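Below is one structure, written out as structure tokens; the observations come after it.
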Amino acid sequence: MNEDRQARLESLLSADPDHVYSEEELDAIEALDAELALRIDRAQTLAARARAAHAPTACGPVDPDEVAAAVEEARRILSRDGGDIELVAIEGTVVRVRMKGACVGCPRSVLDLRNVVERLVKGRVPGVSAVTNVF
């Protein structure tokens, strides 16, 4: 890399180890060094995931009506592929559901439970700590 290019790249990099690069900053870095931009982006993504994993998950009361509405929305999403879901119980901060229809025996049902149902319920009702499937 020539000296001018190296100097421009160094001017874009922050000495602060906690600096979070914006998309514009990453684009400018990518124009000079695509591999470095990819490594920075990957490191930032992993750090964001780690922060999210350690963030407090359940806070506040669990409103049964809000939980029911979130499960109903998840049911509409799952029904597009022939699946179904039933709200079984709310035990403290844990919501128990039963995956039904095409979800029974489907290898993706575990992912759908986590990525669709749990995200919807936790997003709507911050007091929920987990959503589990009961058979």
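The values are calculated or read from the model by the stated rules, or taken from the named source; none is laboratory data. Note that the structure is predicted; figures quoted are calculated from it, not measured. Virtual Cβ from ideal backbone geometry, glycine too; neighbours counted across all protein chains shown.
Name the one entry in LEU26, LEU9 that is surrounded by 15 or more Cβ atoms within 10 Å (Cβ to Cβ), more than 20 Å from VAL110 (Cα to Cα), modelled with pLDDT under 90 and not assigned by TED's automatic domain parsing to the domain that holds SER129.
On the way: LEU26 fails: modelled with pLDDT under 90.
Checking each option against the conditions leaves just LEU9.
Can you pull out the residues in the stretch 109-129 that are surrounded by 15 or more Cβ atoms within 10 Å (Cβ to Cβ) and either outside the structural domain of GLU72 (by TED's automatic domain parsing) or among the β-branched types (Val, Ile, Thr) (or both)?
First, pick out the residues of the stretch 109-129 that are surrounded by 15 or more Cβ atoms within 10 Å (Cβ to Cβ): 109, 112-113, 116-118, 120-122, 124-129.
Within the stretch 109-129, VAL116, VAL117, VAL121, VAL125, VAL128 qualify.
Scan the stretch 85-97 residue by residue and report those that are crowded, with 16+ Cβ neighbours inside 10 Å and either at pLDDT 95 or above or within 16 Å of ASN133 (Cβ to Cβ) (or both).
Here is the first cut: in the stretch 85-97, the ones crowded, with 16+ Cβ neighbours inside 10 Å are 85, 87, 90, 93, 95, 97.
The answer is ILE85, LEU87, ILE90, VAL95, VAL97.
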